[in-house]
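Just below is one structure, and these are the notes that go with it.
The values are calculated or read from the model by the stated rules, or taken from the named source; none is laboratory data. Because the structure is a prediction, the values reported are computed rather than measured. Reconstructed Cβ throughout: ideal geometry from the backbone, glycine too, with neighbour counts over all protein chains shown.
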Amino acid sequence: MSLTTILAVVVGLLALAVVGVLIGRTVAARVIVYGGSLVACSLAAAVAASHLLSAAETATLTLPLGLPWLGAHFRLDALSAFFLLVIEFGGAAASLYALGHGRHEETPERVLPFYPAFLAGMTLVPLADDAFTFLFSWEFMSLTSWALVMAHHHVRANLQAGYVYLVMASLGTLALLLAFGLLAGPDGGYAFATIRASHPSVMITALVLGLALIGAGSKAGLVPLHAWLPLAHPAAPTQVSALMSGVMTKVAVYGFVRIVFDLLGAPDWWWGLVVLPVAGVTCVMGVLYALMQHDLKRLLAYHTVENIGIIFIGLGLALAFEAYGMAWAAALAFTAALLHVFNHSLFKSLLFFGSGAVLTATGERDMEHLGGLIHPMPLTAFVFLVGSVAISALPPLNGFVSEWLTFQAILQSPQLPSWALKFLVPAVGALLALSAALAAACFVKAFGVTFLGRPRSRAAERAHETDGFSLSAMFLLSALCLIAGILPGFFIDALGPVSHGLVGASMPQQSSVPYLSIVPIAESRSSYNGLLVFLFMVISATLAAVAIHRLASNRLRRAPAWDCGYPGLGPATQYTASSFAQPIRRVFGTLLFQAREHVEMPTPGDMRPARLEVELRDPVWDTFYAPVTRAVAVAADRLNVMQSLTIRRYLTLVFAALVGLLLVLAIWP
Amino acid sequence: MAVIVNLAVQGAQMMLVLLLAPLLTGLVRKVKARLLRRQGPPLLQPYRDLIRLMRKDVVLAENASWLFRAAPYIIFAATWVAASLVPTFRTGLLFSWTADLIAIIALLGSARFFLALAGLDVGTSFGGIGSSREVMIASLAEPAMLMIVFTLALVAGSTQLSTMAGFLVSSEVGLRVSLGLALIALIMVAIAENARIPVDNPATHLELTMVHEAMVLEYSGRHLALIDLASELKLLLYVSLIACLFAPWGLASPDAGAEALAISLFAYLLKLAIGGFLLAVFETSVAKMRVFRVPEFLGAALMLGLLATLLLFVSRSL
Amino acid sequence: MHSLTFDIAHMLAGSLVLVSFMLLYQDRLYALLNVYALHAFVLALSVAWQAYAQDAPHLYVTAAIALVFKAIIIPIVLHRMIVQLGIHRQIETVVGIGPTMLLGIGLVALSMVVMLRVTAEADPLAREDLAFALSVVLLGLLIMVTRRNAVSQVVGFMSLENGLVLAATGARGMPLVVEISVAFSVLIAFIVIGIFLFRIRERFDTVDSQALDLFRGERS
């Protein structure tokens, strides 16, 4: 019943896509498409939520579509329901936002048809129960999002972004194709039920783990496969950027969880050893990249990379614990990762919506040209502040809860018997702590330089508040950030059936803990009560305010800012994004990004202004992408000779291929 | 009945930390002055400063926003809540289970987040200097602190501060290398977080040498009073933290009688006095580091914390 | 097992590792010498405590040698050498101090793994003491490898030797003869290095080993 409803929603979204094609240029199209998507996504979210919360039975369905001997299998279990909830809720919020923001779209006919199709593709992936449907939906999702990235194709940078995105997406799908091929085995059992029942050898599981990490990881944004993410996410229209960062990366996480936790069966001891270092490096590199950026959307995209790292740290820990039979610790780590999936989709979408509002209000994405926006855009500034506090993992909001749970999981790992893990996990814990502190620094910079201070350009001076639909979407998300931070117990309990199905245990029941605290393992070990912390803070602040205004002065007057005796200091003298990041760039960037500063001082008498240039090199691009691109170019040049062979040579090639295949048949046992 | 007594004890703890914080700062200033052969301000001078500031008008920059006006209250609230959760004279306070040590550190992180934002609000370069240097220091001090928390949690089996203090005051702990490393790292982090020499000079008037002072340069009146009180509370928090974790003798258990509580209160005051005195001696005997030596200092603290955690992971007896 | 005697011995061994890290952290030559004096002092304390715990009076002599020679005489002599040679007093490192400390942590982890694997049957506290001693040796080597200044390389060598003495006293029954010969060989090596330093300085006007490499002939 729920499954058929959601499939009907998919059909509805595809119908909306067709509508978008037909009437894309009219004004009404925007309302119809985005409003329809809002309704469809809300319906699907409600259905998924009810399936998850009622811990309903797994529903399956087979339709005679696709490959004739396979059909299309669909399945709705607890894991699918959770990810569907995240996807559909994100889609609904983005549609609500787009109802307002979409007004500023110059070429709506390029966006409106693909938007509902993108949502449909993302909805189908968690429902897929066989390899063909999974890959088909995955590719559909990638292609529609590519079309959306290319919506503003007259900008040169977007062309490069689209190209890199297409290449990386194809690479990812190829890896997944090979992974499913290995899992299906020589008999070709592509249905997930068949794969679950089979027991592949150690060699095959190792290969599949690596391929799944490459395939899902490239879509999620694990270093070093992340290079497309900061190019493609900012290039798309804002509602699509929010969907790509906040939701599509979670679909990739779903793919990884489904393949590794579900289809591959019980983990081996070394799986965590592979996932954890990648995740730890991703965390720190992501946030350091973000700190070096001054384009607001790029900063947010790089930050997504960091959060994906945090999620994969939780998943890696869950794999390690499960391999050694510590199911309760695995449940803790797994729940922490999934809770972060949910939290991240909330605050990342919120932050992208805010940046979109800034973009339409000022026409600028570059923080170096913004500033002082808190005065013309107070509501946007408030919700962006809530998003920044949430993403910096500060209590009492929700980012802190999932990071706290991840730390608690790390503290359980001395009980792991493996030596390698005993050295790796504290190092990963240190990397996680470092990235959390750097994330706070990053968002002080992002919020402070954009919204605080004085306007640095004419465009920033002429900003205005954004429209009601965008604001309502943003306020809805901020309210949820607060609720998930104050009452995390309910969300943890909702994840119980998911972790039970995949790691064999779930966290203790949180709703029975007094005063709505959360207790990850036992009362004596640790507990946290978001609600009481929030209440204490509110009460203390109110007490202080009341006491001061009653007993002390409450007068106030305005005066010019302190200028150290130099009057008339213009807005250009305040700190910019690059200058704010300079200390951190000097500490971390000198080694990692080969950051160098060049100062050109003109000689006395010369009226030119002085120049300060900061040079950064991307180590991942230099080490991985540039050599691979060069190798491909060289190989292509060499193979180009095959364009112009004689007929006899072509016939020889065909003959050689035939003989080769016959040889394989002869030798294969 | 027991609930009311517990509530009273928790309330007493909150008021105690609030009232003692300026006294600790006054003691440190007095000892520093005496070591430099000056008379120094009276011990109660910080109280007089706070009252004087409360009575003055607030002078706001023309383009200061609502965030600038709200930040002092948020900073004060976060720091006061964090300080109330650190056991001073008794473990097992009524609300000690609401936030463990990780949450306390994160609360101080929230306070610092808003302080850094307030520094950027007015749009002058002085606030920018303070905020950018402060987040650089925080980006290394917070991980070092978390590594110390990991070490203590692995030794005591819990991240709950009351449980940790209870374990460390019992006789099961013995002398441990990891605890020694954690103590040194905690002292280094405490110096950095409280903006003390050698990381930052709390008494400087030169903007180029400021970190914490630069962020609050624009504040005046009751706002400045709140921020000063919050930084005094933070100093008290860190000294109490070091005292309850590494010098826990005299700490009363939750079922102690009135006499044990009185002894423990006296012991706490003594520890505060000793801590303040040692801090003043240390500040007078070293010079302030240049700004880019601070990351190496805090990097060393992070390494010590990581080493302590590593030793505990590898061998449970270390 | 966790008696106070063992705990204090353990603490002293751990403090020696800590002081080795402090050696890694210094960037001024006089401070390096002072920290080395502290290193030798902690070694002397550790050996003296072992003498008390193992009831082996000849180890008191070892402790006295460590205290007098290594903690007092050698730093004073090196100090005077620096003044006489007029050596540049800022220590240049090959990599920054941060990465050097990271490498140091890696070396400590490595020595823990090696020691705890190799000596699987022995008493756990003795194993960890040996692991600490190996760490001090490795950290001494790290100091020698990552410093360009010849005097700091000498200090690294001396701290390495301290680690060896710690290892030897940790295992029971080290005869005094070995210690005297070790001390004399160190002293002789030290005198030789001192003479060479004077000669090098006279001829090439520098003791920076990177500059000295230019004169080796094979390199450009």
>> Take A:Val9 and tell me if it is hydrophobic (A, V, I, L, M, F, W, C), assigned to a helix (DSSP H, G or I) and farther than 29 Å from A:Gly496 by Cβ.
In response: no
>> The conditions are (1) surrounded by 24 or more Cβ atoms within 10 Å (Cβ to Cβ); (2) over 18 Å from the mean Cα position of the chain (by Cα); (3) facing chain A (nearest Cβ under 8 Å), and B:Gly130 fails exactly one of them. Which is it?
In response: (3)
>> Take the residues in region A:413-466 that are in a helix (DSSP H, G or I) and of a type in the set (D, E, K, R); name whichever of them is farthest from the other protein chains (Cβ to nearest Cβ).
In response: A:Arg458
> Taking interchain pairs and intrachain pairs at least six residues apart, which have beta carbon atoms under 9 angstrom, with the first residue in region C:25-50 and touching a residue at least 60 places away in the same chain (Cβ under 8 Å) and the second in a helix (DSSP H, G or I) and acidic (Asp, Glu)?
Replying inline: C:Tyr25/B:Glu296; C:Asp27/B:Glu296
>> Can you say whether A:Ala323 is without any contact (Cβ under 8 Å) to a residue 60 or more places away in the chain, closer than 15 Å to A:Leu416 by Cβ and out of contact with any strand residue (DSSP E or B) (no Cβ under 8 Å at 6 or more places or on another chain), as far as the supplied structure shows?
In response: yes
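Kindly establish whether C:Met81 is within 11 Å of chain B (Cβ to nearest Cβ), over 28 Å from B:Glu296 (Cα atoms) and either assigned to a helix (DSSP H, G or I) or hydroxyl-bearing (Ser, Thr, Tyr) (or both).
The answer is no for C:Met81.
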>> Please verify whether B:Ala156 is of a type outside the set (S, T, N, Q), in contact with a Phe, Trp or Tyr (Cβ under 9 Å, 6 or more places away or on another chain) and more than 7 Å from chain A (Cβ to nearest Cβ), treating the condition exactly as stated.
In response: yes
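Go through region A:108-145 and count every residue that is without any contact (Cβ under 8 Å) to a residue 40 or more places away in the chain and touching a Gly at 6+ places or on another chain (Cβ under 6 Å).
Qualifying residue count, region A:108-145: 3.
Out of the residues in region B:95-108 meeting the condition of being assigned to a helix (DSSP H, G or I) and at the interface with another protein chain (Cβ under 7 Å from one of its Cβ atoms), tell me which one is nearest to B:Leu154 (Cα to Cα). Steps first, answer last, please.
Residues of region B:95-108 that are assigned to a helix (DSSP H, G or I), as a first pass: B:101-108.
In the following step, the residues that additionally are at the interface with another protein chain (Cβ under 7 Å from one of its Cβ atoms) were identified as B:102-103, B:106-107.
Values: B:Ile102: 13, B:Ala103: 17, B:Ala106: 19, B:Leu107: 22 Å.
The selected residue is B:Ile102.
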> Limited to region A:536-562, what total is found for residues that are under 29 Å from B:Gly123 (Cα atoms), at the interface with chain B (Cβ under 8 Å from one of its Cβ atoms) and exposed (fewer than 15 other Cβ atoms within 10 Å of the Cβ)?
Replying inline: 8
> Pick from B:Gly275, B:Gly250: which is of a type outside the set (A, V, I, L, M) and either part of a helix (DSSP H, G or I) or surrounded by 22 or more Cβ atoms within 10 Å (Cβ to Cβ) (or both)?
Replying inline: B:Gly275
> From B:Leu152, B:Leu94, B:Leu161, B:Leu107, which residue is surrounded by fewer than 24 Cβ atoms within 10 Å (Cβ to Cβ) and either at pLDDT 90 or above or among the aliphatic types (A, V, I, L, M) (or both)?
Replying inline: B:Leu94
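Each row is one residue, and each column tells you yes or no for (1) part of a helix (DSSP H, G or I); (2) at the interface with another protein chain (Cβ under 7 Å from one of its Cβ atoms); (3) free of Cβ contacts under 8 Å to residues at least 40 places away in the same chain.
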residue	(1), (2), (3)
B:Ser110	yes, yes, yes
B:Leu117	yes, yes, no
B:Leu152	yes, no, no
B:Ser162	yes, no, no
B:Leu168	yes, no, no
> Which ones in region A:79-128 are within 17 Å of the chain's Cα centre (by Cα) and aromatic (Phe, Trp, Tyr)?
Replying inline: A:Phe82, A:Phe83, A:Phe89, A:Phe118
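Considering each residue of region B:191-209, count those that are outside any loop (DSSP other than H, G, I, E, B) and more than 20 Å from B:Val239 (Cα to Cα), and give that number.
Matching residues across region B:191-209 total 3.
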> Based on what the data block shows, is A:Gly387 more than 8 Å from chain B (Cβ to nearest Cβ) and under 26 Å from the mean Cα position of the chain (by Cα)?
Replying inline: yes
> Does A:Phe400 satisfy the criteria of being within 21 Å of the chain's Cα centre (by Cα), without any contact (Cβ under 8 Å) to a residue 40 or more places away in the chain and either facing another protein chain (nearest Cβ under 7 Å) or buried (at least 24 other Cβ atoms within 10 Å of the Cβ) (or both)?
Replying inline: no
>> Against the conditions (1) of a type in the set (S, T, N, Q); (2) within 14 Å of chain B (Cβ to nearest Cβ); (3) under 10 Å from the mean Cα position of the chain (by Cα), where does C:Ser159 fall short? Just the number, please.
In response: (2)
>> For region C:90-111, check the following and say yes or no: at least one residue is closer than 21 Å to C:His39 by Cβ, assigned to a helix (DSSP H, G or I) and among the polar types (S, T, N, Q).
In response: yes
> Which ones in region A:599-636 are within 37 Å of the chain's Cα centre (by Cα) and of a type in the set (Asp, Glu)?
Replying inline: A:Glu613, A:Glu615, A:Asp618, A:Asp622
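Could you count how many residues in region B:65-83 are more than 8 Å from chain A (Cβ to nearest Cβ) and either under 19 Å from B:Ala116 (Cβ atoms) or at pLDDT below 90 (or both)?
Going through region B:65-83 one residue at a time, the tally reaches 8.
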> Taking the condition hydrophobic (A, V, I, L, M, F, W, C) and buried (at least 19 other Cβ atoms within 10 Å of the Cβ), does B:Ala256 pass?
Replying inline: no
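Scan the helices (runs of 4 or more DSSP H) fully inside region A:550-669 and keep the ones with 2 or more residues being of a type in the set (Phe, Trp, Tyr) and out of contact with any Asp or Glu (no Cβ under 9 Å at 6 or more places or on another chain).
Numbers: elements: A:577-584, A:626-639, A:647-667.
By residue number, A:647-667.
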> Can you name the condition, by its number, that A:Thr576 falls short on among (1) at pLDDT 90 or above; (2) at the interface with chain B (Cβ under 7 Å from one of its Cβ atoms)?
Replying inline: (2)
> Taking region B:20-38 as the region of interest, how many residues are of a type in the set (A, V, I, L, M, F, W, C) and more than 15 Å from the chain's Cα centre (by Cα)?
Replying inline: 5
>> I'm trying to understand the selection: among the residues of region A:484-530, which are among the aliphatic types (A, V, I, L, M) and free of Cβ contacts under 8 Å to residues at least 60 places away in the same chain?
In response: A:Leu487, A:Val513, A:Leu516, A:Val519, A:Ala522
>> For the structure I just gave you, tell me whether A:Ile87 is surrounded by fewer than 21 Cβ atoms within 10 Å (Cβ to Cβ), in a helix (DSSP H, G or I) and touching a helix residue (DSSP H, G or I) at 6+ places or on another chain (Cβ under 9 Å).
In response: no
>> Condition first: on the phi > 0 side of the Ramachandran plot and either in contact with a Ser or Thr (Cβ under 6 Å, 6 or more places away or on another chain) or of a type outside the set (Val, Ile, Thr) (or both). Can you find one or more residues in region B:199-215 that meet it?
In response: no
